[in-house]
Amino acid sequence: MQRDFDEQFREFVKHLDNYYSSGTWSGFAIGNSGLIKSRNIDLIMHTFADSGVSKQTSLFREELVYISQSFVFDRIKDFSEVKILSLPCADGKEVYTLAALCFDNDLDNFSIEGRDHSYECISKAENGEYLIDRKKIQEISDSIQKGYFSVTNSKFPEPNLKVSPKLKNKSEFYVQDILREPLSDSYDLVFCL
């Protein structure tokens, strides 16, 4: 059992070193030394995932927009129906970005699923209300004018941006840990950014 933990732990830390910015693991480890001493690899991995490090997302992230515009929409424009998966979807911003991009590219025959292991993230995604800084609001002003989002007069720290029913109606969210539960459906596109 000891060796199993040690192997799994090394693999987990190696994964973090490969896919997260320098210092991510050490910062987490310093704040969670008692958890690491417990030698419970499942608890360590879930606590890391729930810590927020892996939940960072943004509306109209440059990579997502570029990939969608450059490679995806021309290839799917003639599909009779397009089923899209965003995984992990975090708080849903990328799902709603994809929905807006689909409409902008004259696709009406689509549905998007967002899946994440975090109940908290899925709850935020389903709610569709976000606290966005003024700079980002200016960056997405075109999408606000198109009615995909609306700005509220809420004061900090309350959400000041709401997702439109048009985008919400094309988006569904599910709690799922794909490392433990395989996907049971098929998709035309899967975004895992």
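The values are calculated or read from the model by the stated rules, or taken from the named source; none is laboratory data. Just so you know, these numbers come straight off a predicted model, no measurement behind them. All Cβ positions, glycine included, derive from the backbone under ideal geometry; neighbour counts span all protein chains shown. Accessible surface is based on the protein model in full, side chains and every heavy atom, while ligands, DNA and RNA are left aside. Shrake-Rupley method; radii C 1.70, N 1.55, O 1.52, S 1.80 Å.
Hey, which of these cross-link pairs are over 32 Å Cα-Cα: LYS136/LYS168; LYS37/LYS135; LYS135/LYS170; LYS83/LYS162; LYS14/LYS77? Distance filter (> 32 Å) returns LYS37/LYS135; LYS14/LYS77. Region 98-153 gives an Rg/Rh value of 1.00, both radii derived from C-alpha positions and Rh following Kirkwood.
Between ASN169 and THR47, the simple label model (points 7 Å from Cα in the Cβ direction) yields a spacing of 4.6 nm. Accessible area per residue for region 38-193 is 56 Å², calculated with a 1.4 Å probe on protein heavy atoms, without ligands, DNA or RNA. Could you check how much of the accessible area of the chain is carbon and sulfur, as a whole percent, using a 1.4 Å probe? Ligands and nucleic acids excluded, carbon and sulfur give 48 percent.
Computed over the alpha carbons of the chain, Rg followed by Dmax gives 18.7, 58 Å.
Amide H contacts for SER58 (H built 1.01 Å from N in the peptide plane; partners 5 or more residues away or on another chain; cut-off under 5 Å): GLU94.
Based on Cα contacts under 8 Å between residues 6+ apart, region 122-183 shows a relative contact order of 38 percent.
Between the amide H of PHE110 and those of VAL82, distances stay under 5 Å, these residues lying 5 or more places away or on another chain, with hydrogens modeled in the peptide plane.
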